[in-house]
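Comments concern the structure below.
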Amino acid sequence: MNLKQTSAPMVNDQPQNLEDRIIENNDLEKTEELWPLNCLLESKSIEASRWVTTQWELNGFELKPNHLSPSLAYLELYRDERTDYRFNLSSQQPKLFLVLDNNDSNEQPKIVNLTASQSVAAQYLDGDYLVLSHDMPLPIQAWMEAFIGRHGELLEQRRKKRKGAGRSSGK
């Protein structure tokens with residue numbers, strides 16, 4: 001289930017997705033809309049009677065990763081999610097949400113997405129993914145504020161109801 005489809009550029013008549021472009025260029029520098037982060041994941045074994053299960057925790061982020069690793073994720077900002085970003089930033093403790101494949105093995109789960117949008121994270125939860133959250137670092141908060149400042153606030157516009165909708169006819 002891929003929730004966010006972006007148009008991929010063509011290279012040699014083949015579409016190329018964001019991760020492939022980054023890996024090919026070994027580009028770990030942040031841009032105005034993309035910030036690579038190393039996610040600090042830790043596994044903990046939990047015993048319940050005779051069963052042992054693994055629980056994953058997100059302990060923070062490395063803001064300047066210097067190499068590609070399985071725990072590398074890309075926080076990409078989208079213009080149509082600016083309202084969600086503002087809502088998150090205006091909360092007492094802004095969060096980042098890491099979406100992981102919900103596998104039952106003890107191996108490190110595959111990172112599916114990293115987002116600052118609570119509604120996107122909720123959609124993944126509905127899709128039976130594992131979603132972990134951690135406090136958003138201050139540099140990322142400032143970066144997101146700059147993104148919103150460049151592109152403006154996205155105001156949710158109420159659509160007008162059709163005339164007479166919701167009213168009794170009075171006959």
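Here, each number is a calculation from the coordinates, and none is a lab measurement. Since the model is a prediction, treat every value here as computed from it, not as a measurement. Cβ placement follows ideal geometry from the backbone for every residue including glycine, while neighbour counts extend to all protein chains displayed.
Between SER69 and GLU107, the contour length at 0.36 nm per residue exceeds the alpha carbon distance by 12.2 nm. Highest mean packing comes first when the peptides 70-81, 139-150, 107-118 are listed by Cβ atoms within 10 Å, giving 107-118, 70-81, 139-150.
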